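The values are calculated or read from the model by the stated rules, or taken from the named source; none is laboratory data. Only a predicted model underlies this, so the values are computations on that prediction, with no experimental measurement involved. All Cβ positions, even for glycine, are placed from backbone atoms using ideal geometry, and neighbour counts span all protein chains on display.
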Amino acid sequence: NAGVMQNPRHLVRRRGQEARLRCSPMKGHSHVYWYRQLPEEGLKFMVYLQKENIIDESGMPKERFSAEFPKEGPSILRIQQVVRGDSAAYFCASSPARRGNTGELFFGEGSRLTVL
Amino acid sequence: DAKTTQPNSMESNEEEPVHLPCNHSTISGTDYIHWYRQLPSQGPEYVIHGLTSNVNNRMASLAIAEDRKSSTLILHRATLRDAAVYYCILRDPSTNQAGTALIFGKGTTLSVSS
């Protein structure tokens with residue numbers, strides 16, 4: 001059973017460009033979470049999605065950032081008009097939707113965005 | 001989610017046991033205690049979780065105080081590969097039956113020397 005797959009693992013963008021980060025959850029998982037980790041800082045929750053729905057986006061910046069998890073295909077975290085402060089590691093996690101799930105999240109290896 | 005308090009850093013020697021403490025004095029009756037760790041340049045990894053009773057798995061043991069206001073993650077024999085940031089997180093699954101996001105604090109950075 002493959003784990004959470006993120007790609008690209010490394011992405012370099014110039015200021016003003018767009019970054020798209022993809023996350024394929026583990027097989028059978030319908031819940032996806034995105035976290036951001038700035039250099040030398042802790043993990044910050046960004047958004048929680050189920051298939052075709054955003055459940056909690058309280059950690060998402062109000063502008064330039066968006067996320068989706070379509071019925072088919074991976075979850076996408078999109079950053080428009082990137083700035084140097086967006087340089088970070090972006091981690092995706094997934095979980096199953098079992099009733100009574102005590103909440104183990106399975107994380108991917110991360111996508112490291114560098115903005116020049 | 002209730003707050004946890006962990007030491008910023010700890011040091012250990014290889015092959016010795018390591019006890020990583022976590023205080024959670026405001027824990028509610030339905031909060032589970034989760035431990036994750038993050039090795040350098042990797043995503044977080046689940047270690048163990050428990051509610052009231054002590055728990056053991058292949059990676060570690062979790063000792064939970066009787067009043068649940070604190071817990072200790074025990075690595076029985078530290079290896080160099082155990083050097084990581086260890087996060088103690090409380091989570092109440094009853095708030096969302098499908099799962100809610102884990103909120104990470106600063107964790108404890110464990111250094112292991114040979």
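Mind checking which residues of the stretch A:1-21 are surrounded by fewer than 16 Cβ atoms within 10 Å (Cβ to Cβ) and under 27 Å from A:Glu63 (Cβ atoms)? Those that are surrounded by fewer than 16 Cβ atoms within 10 Å (Cβ to Cβ) and under 27 Å from A:Glu63 (Cβ atoms): A:Asn7, A:Pro8, A:Arg9, A:His10, A:Val12, A:Arg14, A:Arg15, A:Gly16, A:Gln17, A:Glu18, A:Arg20. Which pairs turn up if I take residues in the stretch A:61-85 that are in a loop (DSSP other than H, G, I, E, B) and look for partners that are among the small types (Gly, Ala, Ser) with beta carbon separation below 6 Å, at least 6 apart in sequence or on another chain? Listed by first residue and then by second, the contacts come to A:Phe69/A:Ser75; A:Pro74/A:Ser24; A:Gln81/A:Gly16; A:Val82/A:Ala19. Quick check, is A:Phe45 of a type in the set (Phe, Trp, Tyr), out of contact with any Cys (no Cβ under 8 Å at 6 or more places or on another chain), assigned to a strand (DSSP E or B) and in contact (Cβ under 8 Å) with a residue 60 or more places away in the chain? For A:Phe45, the condition - of a type in the set (Phe, Trp, Tyr), out of contact with any Cys (no Cβ under 8 Å at 6 or more places or on another chain), assigned to a strand (DSSP E or B) and in contact (Cβ under 8 Å) with a residue 60 or more places away in the chain - is not met.
What is the residue count in the stretch B:21-68 for residues that are in a strand (DSSP E or B), of a type in the set (Ser, Thr, Tyr) and over 24 Å from B:Ser9 (Cβ atoms)? Count: 1.
Scanning the stretch B:43-65 for residues that are crowded, with 18+ Cβ neighbours inside 10 Å, within 13 Å of B:His76 (Cβ to Cβ) and not β-branched (Val, Ile, Thr) returns B:Ala60, B:Leu62.
For the structure I just gave you, tell me whether B:Gly105 is in a loop (DSSP other than H, G, I, E, B), at pLDDT below 90, in contact with a Gly (Cβ under 8 Å, 6 or more places away or on another chain) and not hydroxyl-bearing (Ser, Thr, Tyr). In short, yes.
Of everything in the stretch A:11-35 that is in a loop (DSSP other than H, G, I, E, B) and of a type in the set (Lys, Arg), the residue that is nearest to B:Gln38 (Cα to Cα) is A:Lys27.
Does the stretch A:18-29 include one or more residues that are among the aliphatic types (A, V, I, L, M) and in contact with a Gly (Cβ under 8 Å, 6 or more places away or on another chain)? Yes, that holds for at least one residue.
Name the single residue, out of those in the stretch A:52-74 being surrounded by fewer than 15 Cβ atoms within 10 Å (Cβ to Cβ) and within 13 Å of chain B (Cβ to nearest Cβ), that is nearest to B:Ile103 (Cα to Cα). Per the criteria, the residue is A:Ser58.
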